[in-house]
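Working notes, beginning with the structure itself.
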Amino acid sequence: MLSVVRVHLPSDIPIVGCELTPYVLLRRPDSLLISDDIPESAPIYGCFLRYKWYRIQSDKNVAMCSIHPSEQATLQCLACVKAKIPVAKSYHCSPKCFSDAWQHHRLLHERAASAVNANGNEENTGSGVNTSLTSSQSSGSLTNGTTPLYPVVVSQRNGGETWFEVGRSKTYTPSADDIGHTLKFECAIINAETKLSVGNASTMMSRVIPAPSPTPRRLISVSGVDIPLHLDLDSRLSSSGTFTVLSYNILSDAYATNELYSYCPSWALAWTYRRQNLLREIVGYRADIVCLQEVQSDHFEEFFAPELDKHGYQALFKRKTTEVFSGNINTADGCATFFRRDRFAHVKKYEVEFNKAAQSLTEALVPSAQKKTALNRLLKDNIALIVVLEAKFNNQGVDNPGKRQLVCVANTHVNVHQELKDVRLWQVHTLLKGLEKIAASADIPMLLCGDFNSAPGSAPHALVAMGKVDPMHPELAVDPLGILRPATKLTHQLPLVSAYTSFARIPVVPGLDQKRRKLDPGTNEPLFTSCTRDHFGTLDYIFYSADSVTVESLLELLDEESLRKDTALPSPEWSSDHIALLAGFRCKPRTRR
């Protein structure tokens, strides 16, 4: 007879919209342990498995803290209620929680007041607080009036609790109706003939919490005016020659360990939560081209490609090489590039494997006795994915009727090891030389996106943005293989400019000073694109060829203060240790060569 050994859930805290998939361990009659699903249509040993999910509702409803969603709320901001801000954002678990979050929380009031004033209504940005929540006051946040996908059945009552059966499949996705309530999962072994239970196991979970919703980041035009990210498709398509590009290191699940990110709640670090939060964020930006780094192979195939396909994106992927990688090949990460099928068509794909370039380099330049040492230093599995796209929007000048508008997009993740600055610079130089060959063969705008693991002012950054590296740059001093000599060879002819330096060129308008404070005054790059407990700085860039495209808009940057309320990234609100960068471009009219 089969028996249930253990039932385990990946996270103790269920979140709205994040699928729960229990792990069920069974023991067969021969004592072998298995974790297979056993449906009624294919019983084994005369038995099959039946699953049930219950929502346990207490007669006393509770509200959950908007900052610490696993904690019960003890106070409510009445100004949020009056301003009609989503009620879930008005709750806090303690006066200290409310005080610590105030600088960020008041932005909700200010934005709500701006919207109200635009409609000519009364303004109120006060901060009245209700510290005596009752069940009637808090119950508004507990349901949204939606009809459950599964017909709710009152299973039983126990004292002051009511158990509702809400699902009969192995997986369950909590809904807004579950917020504040406890879930129970039950797995029963059913005799295939009698249909009676011959054994069962169950597990209880913490109260369901809403998915944290960060304040949306705005798109800022180079004229300093906010642009709605939710422009309708017709408006986007009518903007001849314009398109948007997103670059985002999403933090591979293989690297998202509790040891590295102990400050992030375990439920917010779980991939089942992060993938939904990342998808929501990425889709919300509505970019025409999306460049992602640290995408695991299995997550690309099983999640990102099919999910973004639903939103009109075609997907391309290049996995890192595996000469050095020693883990499961299915979890090796790489670069993924997506583009909207209604805006672009795929023309060509190039794959850059820096390991291959390293092998060619050592064969040509390194003495035989030193080749093994050289390859140990150079082989790091990094790659780049280059895609040539043809625009479906019209950008034809009067002198060029019928000319195709092509765009070349390079997506890369450069070596991370800080002691290998020579390798990082060599990788960037190798990529630029490849892009130069493409540029020489076609009259085509260039976009270079990714995580360069290089700060502004570093040698790789200088090479890309300035076209050369100062021979006296301190990072050139470490070159044990001689791959950077002579320094005069570290050049390229592509007119590349970092998109986010355009913030510094925006005319002075009200509110602009706040955006400029998020830039490094020395380099005009963002103060940070990565913010962890151990690192704070800029590593990610979107470069563009200034002779063929211009920057029209940029996604606003985040401020450190708002992130430090959760210690650092990743956090319940932002599910990577990097922030997303997005730039809007306009193609310049091309003249006939």
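The values are calculated or read from the model by the stated rules, or taken from the named source; none is laboratory data. Being a predicted model, the structure only gives us computed values, none of them experimental. All Cβ positions, glycine included, derive from the backbone under ideal geometry; neighbour counts span all protein chains shown. These area figures cover heavy atoms from the full protein model, side chains too; ligands, DNA and RNA do not enter into them. Shrake-Rupley method; radii C 1.70, N 1.55, O 1.52, S 1.80 Å.
A few comments on the model shown:
- Ligands, DNA and RNA excluded, the heavy atoms of T21 present near 60 Å² of accessible surface to a 1.4 Å solvent probe.
- Contour minus Cα-Cα distance for E259 and E351 (0.36 nm per residue): 29.8 nm
- Sites matching trypsin sites (Lys or Arg not before Pro) across region 77-109 that sit in DSSP coil, with at most 14 neighbouring C-beta atoms within 10 Å: K84
- For Y23, the accessible area of its heavy atoms, probed at 1.4 Å with every protein chain present, is near 90 square angstrom.
- Added length on full extension, which subtracts the Cα-Cα distance from 0.36 nm per residue, S266 to T171: 32.2 nm
- Applying 0.36 nm per residue to the separation of N376 and D298 and subtracting their alpha-carbon distance, the gain on full extension is 25.3 nm.
- Placed amide H near E552: partners under 5 Å, 5+ positions off or other chain: G584, F585, R586
- Label-to-label distance, R6 versus K403, with points set 7 angstrom from Cα along the beta-carbon direction: 6.6 nm.
- For R340, the solvent-accessible surface computed with a 1.4 Å probe is close to 40 Å², ligands and nucleic acids excluded.
- Of the Cα atoms belonging to region 436-545, the radius of gyration and Dmax stand at 16.0, 52 Å.
- Heavy-atom accessible area ranking, 1.4 Å probe, most first, across S368, S202: S368, S202
- Given R0 = 45 Å, the distance between the Cβ atoms of D547 and R106 translates into a calculated FRET efficiency of 0.55.
- In Hz, Karplus ³J(HN,Hα) per residue of region 351-362 (6.51, -1.76, 1.60; θ = phi - 60°; x = Gly, Pro): 10, 9, 10, 5, 4, 5, 4, 5, 5, 5, 5, 5
- A simple spin-label model places the labels of K437 and T215 4.8 nm from each other, with each point 7 Å out along Cα-to-Cβ.
- Net charge of neighbours whose Cβ lies under 10 Å from the Cβ of G167, counting Lys and Arg as +1 and Asp and Glu as -1: +3
- Column: log10 I(q)/I(0), Debye, Cα scatterers of region 354-500, q = 0.17, 0.19, 0.20 Å⁻¹: -0.98, -1.17, -1.27
- Net charge in the neighbourhood of V469 (other residues with Cβ under 15 Å of its Cβ; Lys, Arg +1, Asp, Glu -1) is +2.
- For N328 and K82, the FRET efficiency from 1/(1 + (r/R0)^6), where r spans their Cβ atoms and R0 equals 60 Å, is about 0.65.
- Using the Cβ-Cβ distance between L32 and S202 with R0 set to 25 Å, the FRET efficiency from 1/(1 + (r/R0)^6) comes to roughly 0.60.
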